[in-house]
1. Which of (1) crowded, with 17+ Cβ neighbours inside 10 Å; (2) under 19 Å from R6 (Cα atoms) is the odd one out, the single condition N109 does not satisfy?
2. Tell me, please, whether a residue that is touching a helix residue (DSSP H, G or I) at 6+ places or on another chain (Cβ under 8 Å) and among the aliphatic types (A, V, I, L, M) can be found in region 38-48.
3. Just to be sure I understand, how many residues within region 42-97 are surrounded by fewer than 17 Cβ atoms within 10 Å (Cβ to Cβ), of a type in the set (S, T, N, Q) and touching an Asp or Glu at 6+ places or on another chain (Cβ under 8 Å)?
4. When you check M154 against the structure, is it within 15 Å of the ligand (Cβ to nearest atom) and surrounded by 13 or more Cβ atoms within 10 Å (Cβ to Cβ), yes or no?
5. For region 93-146, enumerate the residues that are farther than 17 Å from R12 by Cα, charged (D, E, K, R), touching a residue at least 40 places away in the same chain (Cβ under 8 Å) and not in a strand (DSSP E or B).
6. What about I90, is it touching a Cys at 6+ places or on another chain (Cβ under 7 Å) and assigned to a strand (DSSP E or B)?
7. Limited to region 117-139, what total is found for residues that are more than 12 Å from the ligand (Cβ to nearest atom) and either among the β-branched types (V, I, T) or touching an Asp or Glu at 6+ places or on another chain (Cβ under 7 Å) (or both)?
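Please treat every number below as a calculation from the coordinates, not as lab data. The model shown is predicted, which means the values in this text are computed figures rather than measured ones. All Cβ positions, even for glycine, are placed from backbone atoms using ideal geometry, and neighbour counts span all protein chains on display.
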Amino acid sequence: MQQAARSVGYSRTVISELMTPLHANFEGRINAGTLLSLMDKVAFTCASRHAGNYCVTVSIEEVEFVYPVKIGDLVIVKGSINYVGHTSMIVGVRVDAQDIRTGEIFHTNSSYFHMVAKNANGEITAVPPLLLENHDDVRRFFEGMLRKRARNNMRNELKRQFAKYDFEKILESLRRERCQIGFDISAEEKSDNILL
Ligand SMILES: CC(C)(COP(=O)(O)OP(=O)(O)OC[C@H]1O[C@@H](n2cnc3c(N)ncnc32)[C@H](O)[C@@H]1OP(=O)(O)O)[C@@H](O)C(=O)NCCC(=O)NCCS
């Protein structure tokens, strides 16, 4: 039976946390890991609310840090469901940092978290469709659809490319890279699996 669609607003999640010295590196900037952990928490909450089941993170798209967060900043992390597949969801996560003295807000980074729902037995399970209520919802859903398709195509293409490589070709393509072969190639056993 088809589950009832849930709106983006149903699961939209916002958390904020004040950055203390515990979150910082030796230069007083906030660690990337601190931000990633908050982002994962928001993505998990958002996806699990939509799914009505606990979810796992299956992949995280490229994360670029465009503004350094400092001790004393208030970090605000927002997440909303962009796209829903059969058992998976893409959660858009945005991080802003606020200087609490001035109220100024800076965009720090954004990313897309691919989450999969699991039932009480730990099996992957279907999630409700997404109810699209405005133009932004439609655009984000469409972008998510393209993003998922592009990632699948890239994974398949990489597998295809790696499968046809031979070791001599790999060595040839490394010739102009900044690496040196530091072992006796003829003595070392070659691995069949280069996709580690
Ligand atoms: C997530 C997991 C259940 C997927 O298992 P799987 O056997 O690959 O499942 P499937 O191939 O049937 O894919 C299930 C869904 O995940 C999606 N998916 C699988 N791999 C993906 C990837 N690398 N990126 C994005 N989506 C992916 C599929 O597209 C599918 O979505 P759909 O049902 O909406 O079409 C499994 O990889 C897992 O348990 N991973 C560990 C997750 C975890 O513990 N995360 C915490 C970090 S340690």
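1. Every condition holds for N109 apart from (2).
2. The answer is yes; a qualifying residue exists.
3. Final tally of qualifying residues: 1.
4. Working: within 15 Å of the ligand (Cβ to nearest atom): yes; surrounded by 13 or more Cβ atoms within 10 Å (Cβ to Cβ): no.
In short, no.
5. Within region 93-146, E143 is the sole residue that qualifies.
6. Details: touching a Cys at 6+ places or on another chain (Cβ under 7 Å): no; assigned to a strand (DSSP E or B): yes.
In short, no.
7. 1
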